[in-house]
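This report refers to the structure that appears directly beneath it.
Bear in mind these aren't lab numbers, they're just calculated from the coordinates by the rules spelled out. Everything numeric here is computed off the predicted structure, so don't read it as measured data. Every residue, glycine among them, receives a Cβ derived from its backbone with ideal geometry; neighbour counts consider all protein chains shown.
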Amino acid sequence: MSKLRLYIVRHGSTVWNKEFRYQGQVDVQLSEEGYAQARRISARLAAEPLAAVYSSRLSRAYETAEIIARPHGFPVEIVPGLLEISFGAWEGHPYAYVRENYADSLRQWNLDPTNYCIPDGEALTSFQARVSAALEYILGNHSDGTVAVVAHSGTIRMLFCLLLKMDLSAFWRIMQYNGSVNLVEFHDRTPTVLTINDTAHLQDKQ
């Protein structure tokens with residue numbers, strides 16, 4: 001029986017994360033805290049026999065992935081489908097601004113994200129299709145071994161919806177902190193979640 005271990009990592013923190021802004025597909029770089037988180041993740045995974053590291057093209061994910069890949073001596077592969085969902089007209093704005101100025105669309109998005117599309121944004125069903133294609137590409141490259149994927153909160157939430165065959169209405173119920181690590185094992189392509197939203201490696205050591 002083949003076994004694949006898939007580490008799914010959310011990128012380190014950015015200034016916009018701290019400012020509670022919708023980032024979406026805007027290319028916001030890691031903050032100093034984000035780089036420190038990436039180094040902690042790298043140290044955690046340094047002893048793992050990683051065969052590959054995949055990433056979104058956005059720098060906050062790609063830079064995190066590069067730091068993870070350095071101890072293993074191979075380049076990061078960008079997978080286009082791992083890109084964060086587009087929040088359209090909301091991108092760049094703080095959550096409080098969106099609550100005030102897009103109250104109706106925010107309410108509809110929270111109530112029925114499957115059937116409601118953010119103004120100028122990406123439909124959740126379209127997002128699901130491209131994340132699914134990205135997952136199939138990665139799984140098609142590896143039947144066993146250990147692999148890391150670095151992506152975004154929305155992308156990782158969608159990956160879990162796909163892996164656990166959850167309805168898209170559960171999309172927002174999966175928490176992912178910056179720098180968190182998730183671990184999924186595949187036994188002959190059947191996934192089992194071992195850890196989710198783990199940030200133990202980010203805690204200060206006493």
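Numbers for the structure displayed
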item: Computed E for Thr199/Asp27 - FRET, C-beta separation, R0 22 angstrom, nearest 0.05; result: 0.35
item: Debye-sum result for region 165-206 in log10 I(q)/I(0), which assumes one identical scatterer on each alpha carbon, at q = 0.19, 0.21, 0.22 Å⁻¹; result: -0.74, -0.84, -0.88
item: Simple label model, 7 Å out from Cα along Cβ direction - Glu100 to Ala36, nm; result: 3.1
item: Contact order normalised by residue count of region 3-202, Cα under 8 Å, 6+ apart, percent; result: 32
item: Structure-based [θ]222 nm, the chain - -39500 (n - 2.57) summed over DSSP H runs of at least 4, per residue, nearest 500; result: -10500 deg cm²/dmol
item: Dipole axis of region 3-202 (+1 Lys, Arg; -1 Asp, Glu on Cβ), positive-most option in Val76, Leu194, Thr64; result: Leu194
item: Footprinting exposure proxy for Asp104, Asp112, Asp198 (fewest neighbouring C-beta atoms within 10 Å first); result: Asp104, Asp112, Asp198
item: Euclidean distance between Cα centres, region 179-199 to region 57-126, Å; result: 21
item: 0 to 90° range, to nearest 10: angle between helix 124-141 axis and the chain longest Cα axis; result: 10
item: Sequence of Met175, Met158, Met166 once ranked by neighbouring C-beta atoms within 10 Å, starting from the fewest; result: Met175, Met166, Met158
item: Average projection area in nm² (convex hull over Cα atoms of the chain, one quarter of hull surface); result: 11.3
item: DSSP beta bridges in the chain [antiparallel fraction, %, rounded to 5]; result: 50
item: Region 1-123: equivalent-ellipsoid semi-axes (sqrt of 5 x gyration tensor eigenvalues, Cα, Å); result: 32, 17, 11
item: Full-stretch length increase - Ser169, Tyr116 - with 0.36 nm per residue and alpha-carbon distance subtracted; result: 18.0 nm
item: Nearest 10 degrees, 0 to 90: helix 153-163 Cα axis against the chain principal axis; result: 70
item: Spin-label zone in region 142-172 - amide nitrogen under 19 Å from a point set 7 Å from the Cα of Ser2 along the C-beta vector; result: 142-149, 163
item: Cα long-axis angle, helix 59-69 against the chain (0 to 90 degrees, to the nearest 10); result: 10
